[in-house]
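So the structure is just underneath, and the comments pick up after that.
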Amino acid sequence: MARNTDSVDLRDLPPTEVVFGQSSLMAAAREKLDRVADTTIPVLLQGESGTGKEVFAKLLHAHSRRSNAPWVKVNCPAIPHSLIESELFGYEKGAFTGAYANKQGRVELADMGTLFLDEVGSLDLTVQAKMLQVLQDGSFMRVGGQQSKSVNTRIVSASRGNLRQQTKDGSFRLDFFFRINAVTIELPSLRQRIEDLPALTDYFFEIHSKAFHANPKPLSRELVRLMQRYDWPGNIRQLENMIRSYILIGSEEALAADLVPSASSSLTTEIDLANPVSLKEITRAATQDLERQIILKVLQANGWSRLKTAKWLNISYRSLLYKLQDPQVGGLAAKSSKAKSPAKVQALPKASIAAKESESRWVS
């Protein structure tokens, strides 16, 4: 099985102004990172999928005294349970059929460096017990081995799930949980830091345009507004994939279609029953949301022409303009049938961008 052993070069990471942005939640995360980066204490990174936990783990390593030592990643769910122990701790020759030579595990490969356990919650209880020993005194034993080995490895873990809940249902050891989260850093979702969307969009635009030797049109103001209203369930990874797709395909309509939910998926009876509710207000809000989605879909189908959209919906042009400007309906100004200069999001300094390929840096 291939091993993910490498050193971390800050030039291969997104610029810090892009990673941290302007949000207060990311400022709090950065403050914690600055405090613990140059220590050896274990760190737990928590956040939804696609929020950049691996980037954060690399920053922790790159800003530590171990930055020139190995950075070893373990994608815990990707390794079968039958192999995870030998992958982490290695094995001795003859330990099992096919073990023709001694083999170092990833814990050993990360000696003097950083071991990144991605989705640590998927580790089985037996492996958790052995990793607990590594955290306690740095000792472990290879599979089939008779002699204990010792390492000096910094452990950084990541999880998108609720590890505390896993301790309650018995799938995660409580003592292991307390060991790996000496410090916990919460990474916010993209919808919680939507003010950082322009800088992130520009960054992905820049690196993938260079990677594909493309010169795509800037995104229109209407599409940027859609992006700012979108929920982003896949977070930064989803944003990067969308921008990459746009640069390759060049279809703003296809991109917009992914940002507008279907009418059926948006209708819900989920309401907060903690306080009395107004049926009239709830119904009006649902109707306005449905109306906004219909208008957006028709605008897309008609190339963002307001005149064609008004005719298709059988309403007056003045009524459509009113609805497009109404903040309750969405406050979206449709693209004129005449060519308008599209909005370009603030560009990043080119010197801050280093992209050797189109592979995502925003994983985990």
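The values are calculated or read from the model by the stated rules, or taken from the named source; none is laboratory data. Predicted model, so just to flag it, every value in this text is computed and none were measured. Cβ: placed from backbone, ideal geometry, glycine included. Neighbour counts: every protein chain shown. The area values use the complete protein model at the heavy-atom level, side chains included, leaving out ligands, DNA and RNA. Shrake-Rupley method; radii C 1.70, N 1.55, O 1.52, S 1.80 Å.
Contact annotation: residue pairs with Cβ atoms under 7 Å, 6 or more positions apart or on different chains, pairing a residue in segment 279-293 that is without any contact (Cβ under 8 Å) to a residue 40 or more places away in the chain and closer than 17 Å to Tyr322 by Cα with a partner that is among the aliphatic types (A, V, I, L, M) and open to solvent by less than 70 Å² (accessible area, probe 1.4 Å), are Leu290/Ala263; Glu291/Val329; Gln293/Val260; Gln293/Ala263. Can you find even one residue in segment 53-66 that is farther than 27 Å from Leu125 by Cα, open to solvent by 70 Å² or more (accessible area, probe 1.4 Å) and free of Cβ contacts under 8 Å to residues at least 24 places away in the same chain? No; the residues of segment 53-66 include none that is farther than 27 Å from Leu125 by Cα, open to solvent by 70 Å² or more (accessible area, probe 1.4 Å) and free of Cβ contacts under 8 Å to residues at least 24 places away in the same chain. Are any residues in segment 12-44 within 11 Å of Val183 (Cβ to Cβ), touching a Leu at 6+ places or on another chain (Cβ under 9 Å) and β-branched (Val, Ile, Thr), and if so, which ones? Of everything in segment 12-44, those that are within 11 Å of Val183 (Cβ to Cβ), touching a Leu at 6+ places or on another chain (Cβ under 9 Å) and β-branched (Val, Ile, Thr) turn out to be Val36, Val43.
Note on segment 159-200: residues that are buried (at least 20 other Cβ atoms within 10 Å of the Cβ), β-branched (Val, Ile, Thr) and part of a helix (DSSP H, G or I) amount to 1. Residue pairs whose Cβ atoms lie under 8 Å apart, separated by 6 or more positions or on different chains, with the first residue in segment 1-25 and closer than 29 Å to Arg106 by Cα and the second at pLDDT below 95 and of a type in the set (Val, Ile, Thr), are Pro15/Ile353.
Residues are listed down the side, and each one gets a yes or a no for (1) surrounded by 18 or more Cβ atoms within 10 Å (Cβ to Cβ); (2) among the hydrophobic types (A, V, I, L, M, F, W, C); (3) modelled with pLDDT of 85 or more; (4) touching a Leu at 6+ places or on another chain (Cβ under 7 Å):
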residue	(1), (2), (3), (4)
Glu240	yes, no, yes, no
Ile247	yes, yes, yes, no
Ser265	no, no, no, no
Thr268	no, no, no, no
Ser316	no, no, yes, no
Pro327	no, no, no, no
Lys335	yes, no, no, no
